[in-house]
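Have a look at the structure below before the remarks.
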Amino acid sequence: QFLYFIGVRVLPVPMAASSSSGYLTEEEKREQEKAQRRVGSRQQIIEHVKKSLLFTAFDVKWVPGSAACVAVGHYPNNQGAMTLFKLHRGELQTAAELRKPLPIKCCTFGHTSGNAGARTLATGDFQGNLELWDVDRGMEEAVTAMPKAHASIINSIDGALHDGPPEIVTGSRDGAVKVWDARQSAKPVVALNPADPGKARDCWTVRFGNSHGPDDRVVAAGYDNGDIKLFDLRNQQMLHEFNVANGVCDMEFDRQNIEMNKLVVSSLEGRVRCYDLRTLHPELGYAYVEDRVTSGTVWCSRALPQNRDVFISGGAGELTLSKYGYPPERSLKDEKGVPKGVAGTIEELNKVRVGDQPINAMDWHRQREGLLVCAGFDQAIRVVVVTKLGAVN
């Protein structure tokens, strides 16, 4: 049993404030139009369950194939937190509550098949250690450990399986991006180290993509100075580098197991960019469209597994549901006859405020469309239901 839709409430829609002179600026007019569309939106964002925590959660993930989720973070005494929750009859019940020696920054199930007995959680902590925990055996002891995988805190982690090997990618404050085989812990499969460690930029986020074959895989890395690097693991070469002018808080391929299609980039100043990765121009790079979805930082965005054109972004206590619209033609030829990409549009479907503190982590359920778990800096996790996503066209 996943959900009992009893006692849920629709959260209020924030309205745009008008200027003191009584006349609306262009930006205020756009915000007012968006607010009016939210009232009549078919896709409602409903807070189903809220669970207060004794620790600050840095990441949260659904356990594959179940109604359970794992939250990781740190306690006020600087211990690491790893807690397993089960969604049962409209409540989040604590199934396991563990304290670890070091605070945990990030986690992923991306490298696992999702079958019972094979669900391992990969985590990165504040001292650069990478560890794997067996969820079905209580997560008491790490089944695999890569001590000092990085020289500093592991900011981000992602996994990939699909048709290839179970691999994990990590990004750290030391500026390095490393790819690991989950079946061995001796050394990384690939290590992308900065040329000058003294001038290394802080890597804030990493993602796997382009995993449409047993040998095809691309790693995307985002940095604090706005740099994004795409690295082809099959050919061992850099595909493309570009800058988004703001620190890259998070990235998300619209789907991992297809040829690279879109990349959603979340950054500072409330901005989200959606890049079309099908056409790379030698001078203009990838085409993109940008939208401001919140007043503060966009900490993360997640593409809906059942519809890769729909994604949700977490900002300053807000959840913003958006849809990417494709242009009539995705590529055109420039005056020299070279193909260049054509950016689409971003349409806001709905936005609600769920708290006063930023929403810093989210995860869609792979089997239950519209079921979302998110964590905030207010020391709480929430299960949110987004309705009528099947009606988005």
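For the chain, dividing the convex hull volume of the Cα atoms by the residue count gives 161 Å³ per residue. Quote the convex hull volume per residue of the stretch 43-99, based on C-alpha atoms, as a whole number of Å³. Measuring per residue, one finds 101 Å³ for the Cα hull of the stretch 43-99. Ranked by the mean number of other Cβ atoms within 10 Å per residue, highest first, peptides 363-375, 265-277, 283-295 order as 265-277, 363-375, 283-295. Ordering 315, 299, 371 by the projection of their Cα atoms onto the charge dipole of the chain, which places +1 on the Cβ of Lys and Arg and -1 on the Cβ of Asp and Glu, puts 371 at the extreme positive end.
Taking Rh as the Kirkwood radius computed over C-alpha pairs, what is the Stokes-Einstein D of the stretch 192-323 at 37 °C in a medium of viscosity 0.692 mPa s, expressed in µm² per second? Rounded to a whole number, D works out at 217 µm²/s. Considering only the Cα atoms of the stretch 305-380, their convex hull presents on average a projected area of 6.9 nm².
From most to least packed by mean Cβ count within 10 Å, the peptides 168-177, 229-238 give 168-177, 229-238. Here the alpha carbons of the stretch 109-155 define both size measures, Rg and Dmax, at 11.2, 34 Å. With Cβ to Cβ distances under 14 Å as the rule, what net charge do the other residues near residue 165 carry (K, R +1; D, E -1)? It works out to a net charge of -2.
Database remark: amide H of residue 239 closer than 5 angstrom to the amide H of 230, 231, 232 (H placed geometrically; neighbours at sequence offset of 5 or more, or on other chains; Pro and chain starts carry no H).
What a 1.4 Å probe finds exposed on the chain is 46% carbon and sulfur by accessible area, rounded to a whole percent. Here's how it looks for residue 249: its modeled amide H is under 5 Å from those of 266, 267, 268, which are all 5 or more places away or on a different chain. A convex hull fitted around the alpha carbon atoms of the stretch 40-152 yields 140 Å³ per residue. Sorted from longest to shortest, the spans of the Cα atoms of the stretch 136-210 along the three principal axes equal 42, 31, 21 Å.
Classify the stretch 247-320 from the C-alpha gyration tensor, please: rounded if a/c falls under 1.5, else prolate or oblate depending on whether a/b exceeds b/c. Oblate is the answer for the stretch 247-320, as a/c is 1.5 or above yet b/c matches or exceeds a/b. In the context of the full set of protein chains, the chain has a per residue accessible area of 44 Å² (1.4 Å probe).
The values are calculated or read from the model by the stated rules, or taken from the named source; none is laboratory data. The structure displayed is predicted, hence computed values, not measured ones. Note that we place each Cβ from the backbone using ideal geometry, even for glycine, and neighbour counts take in every protein chain shown. Only protein heavy atoms, including side chains, enter the accessible area calculation; ligands, DNA and RNA are left aside. Shrake-Rupley method; radii C 1.70, N 1.55, O 1.52, S 1.80 Å.
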